[in-house]
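None of the figures in this text is laboratory data; all of them are computed from the coordinates on show. Please read all numbers here as calculations on a predicted model, not as lab measurements. Note that each Cβ is placed from the backbone with ideal geometry, even for glycine, and that neighbours are counted across all protein chains shown.
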Amino acid sequence: MSLALKIMMMAGGNDQHLWPLANSLRADQFVPLLERPDGGKESIVQRIWRQLEAADLQDYAHVCTTLEQAELLQKQLGQLTPVVLEPVQRGTYWAAALAAAYFHSIACLSMNETIIVLPANIGVQQSFYDCIRSLPKLLKDSGNELMLIGIRAEEPAAERALILTDSRGDEADFYSKVLSFNGQPSIKEGERLAAEGAYWHSGAFAFRLGFMIERLLEEGLSAHYGELFRQYEALSSRSFATLVQDTRTGLVEYAGQWTELQDWQSLRPFLHHDLVVMEQAAGREQPSCLFNELDLPIVVEGFSNIMVAASRDGIRITNLDGGERGQNGYPKAEEDRIRLPLPMTEEKRWGRAEVLGHSSYADGHQVSVRRLRMDKGKNLDYEIHLNRSEYWMITAGEAELLIDERPSTVKTGDTVIIPPRTRHSLKALTDLEWVELQMGDLFSGNDAIVISSTWDELGLSSS
């Protein structure tokens with residue numbers, strides 16, 4: 001039976017609490033640390049997408065993300081995953097409005113369709129998606145404009161919204177009326193609200209499409225996705241808490257397991273078994289976690305209950321017993337750390353790129369050396385670089401090369417020179433590795449012009 005709903009999973013966040021495994025091109029939700037049912041590793045985004053499929057809801061789902069992370073998202077979820085681009089991260093309110101504009105002007109949905117916003121940073125049981133399924137009916141029957149999914153607050157937590165509801169509620173329909181929504185309570189205020197039976201906001205909520213479109217038009221904004229996309233960066237700041245306070249809002253309770261996966265402590269119960277090392281300390285087992293993306297071994301001795309994460313972006317060691325507390329009384333979310341000027345690793349839809357070295361010069365030009373790995377059958381975009389040249393040396397494998405519509409084959413030991421404004425692409429006939437030297441203006445946002453992303457569009461047959 002077809003459902004009158006659409007789900008928008010919000011995966012555009014750029015949080016890097018999991019640095020150095022996360023960086024500006026691979027945010028927390030894309031780091032593959034969690035254990036899949038088959039024993040493999042998956043990211044938070046992949047876990048939620050898998051759960052949507054198990055709940056028969058994946059066909060109703062789109063994913064909202066930024067342009068910088070769209071390629072990685074499609075690598076993890078599949079090339080056919082429906083993606084809605086967000087120009088920059090602007091928070092929940094505007095992301096929901098942009099999603100509504102997309103469903104209204106591009107997907108051409110009915111104004112009565114229920115839109116469900118689903119965060120991409122939660123660890124939940126499969127029963128959570130039963131709550132998701134219930135939202136369209138509850139929204140209609142209650143007469144509310146918004147419907148939230150809440151979890152009973154056991155204690156206050158940093159940066160976690162607390163919601164007070166009408167304690168009488170409507171038990172027959174399993175929802176309550178929201179009385180207040182506190183987006184960032186102090187620890188003292190959080191303790192008071194928790195004692196009064198407040199709920200945490202799960203991050204998931206629903207609204208009728210027409211409700212959000214009407215709000216956009218009332219504010220003099222366009223309800224067309226393309227136009228709102230162009231206006232997006234200039235929009236005034238707006239909090240989700242303000243939307244809840246100004247709107248008839250209900251809440252349905254989810255009583256199962258729910259965790260906001262935002263740091264090493266919260267991820268710990270979900271980590272892949274290969275990452276957890278049990279050590280004997282003080283007469284009992286103390287788990288430590290090790291994640292190493294370097295080509296060098298890491299040995300840690302004399303410590304227990306710590307997390308060690310290493311990548312080409314840096315090395316981080318964290319005490320899992322706890323740490324300093326911030327000004328509001330909550331534990332600090334992350335330590336001070338050194339950030340490199342650019343990410344040293346990047347996951348691509350076709351494979352992986354690692355920066356081996358980078359230099360900038362007084363005249364403005366830059367030089368970067370990268371090691372690239374491409375999976376068999378994958379290809380680079382067929383594109384032009386306006387302001388930089390590239391030099392390739394194939395170090396392993398064989399590929400089909402396309403330069404200005406002229407195909408050829410390259411193999412181990414071959415070199416390729418690509419001047420600026422040269423159309424070029426590469427398709428791996430086997431697993432492929434090569435070293436690339438880039439020279440020119442490497443950080444210009446308008447340097448690349450993509451002609452085609454797929455080999456089939458070029459009308460070429462691969463060997």
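Which option, [x] 187; [y] 132; [z] 225, is the value of volume of the Cα convex hull per residue in Å³ that was calculated from these coordinates?
Here volume of the Cα convex hull per residue in Å³ agrees with entry [x].
Just how far, in whole angstrom, is segment 348-364 from segment 413-432 if you go by their alpha carbon centroids?
Cα centres, segment 413-432 to segment 348-364: 16 Å.
Any aspartates and glutamates with Cα under 14 Å of the K376 Cα? List them, leaving off those in the same chain fewer than 8 positions away.
List returned: E398, E400, D431, E433.
Rounded, prolate or oblate: which fits segment 5-258 when a ≥ b ≥ c are the square roots of the eigenvalues of the alpha-carbon gyration tensor, with rounded for a/c under 1.5 and prolate only if a/b beats b/c?
Numbers: a/c = 1.40, a/b = 1.12, b/c = 1.25.
Rounded shape, in that the Cα axes give a/c under 1.5.
Report the full-extension gain for the segment S127 to V367: residue separation times 0.36 nm, less the Cα-Cα distance, to one decimal in nm.
Details: separation 240, 0.36 × 240 = 86.40 nm, distance 5.14 nm.
Here the answer is 81.3 nm.
With a point put 7 Å past each Cα toward its Cβ, work out how far E383 is from D15 in nm, to one decimal.
Result: 2.9 nm between the two label points.
Taking amide H atoms as placed 1.01 Å from N in the peptide plane, list the residues 5 or more away in sequence, or in a different chain, whose amide H sits under 5 Å from that of T412.
Hits under the 5 Å cutoff: G397.
In nm, to one decimal, how far is the E457 label point from the T409 one, both placed 7 Å along Cα→Cβ?
The two pseudo-label positions are separated by 2.7 nm.
Counting Lys and Arg as +1 and Asp and Glu as -1, what is the net charge of the other residues whose Cβ lies under 9 Å from the Cβ of A55?
Working: positive: R133; negative: E53, D56, D130.
Computed value for this residue: -2.
Just to be sure I understand the model, the point goes 7 Å from the Cα along the line to the Cβ. What's the resulting R248 to I187 distance in nm?
Label-label distance for R248 and I187, simple model: 4.1 nm.
Pull up all non-local amide H partners of I122: gap of 5 or more, or a different chain, and H-to-H distance under 5 Å with H placed in the peptide plane.
L261
Taking 8 Å as the Cα distance limit and 6 or more residues as the minimum spacing, I'd like the relative contact order of the chain as a percentage. Could the numbers behind the result be given before it?
Numbers: 932 pairs, mean separation 62.9, N = 463.
Relative contact order of the chain: 14 percent.
Expressed as an acute angle from 0 to 90° and rounded to the nearest 10, what is the orientation of the C-alpha long axis of helix 44-54 relative to the principal long axis of the chain?
70
Per-residue HN-Hα couplings for segment 302-313, Karplus 6.51 cos²θ - 1.76 cosθ + 1.60 at θ = phi - 60°, whole Hz, x for Gly and Pro?
Karplus values, whole Hz, x for Gly and Pro: x, 10, 9, 6, 10, 10, 10, 10, 9, 8, 5, 7.
Would you mind calculating the relative contact order of segment 85-242 from Cα pairs under 8 angstrom and at least 6 residues apart, reporting the percent as a whole number? Write down the numbers at each step before the final one.
Details: 223 pairs, mean separation 60.5, N = 158.
RCO, segment 85-242: 38 percent.
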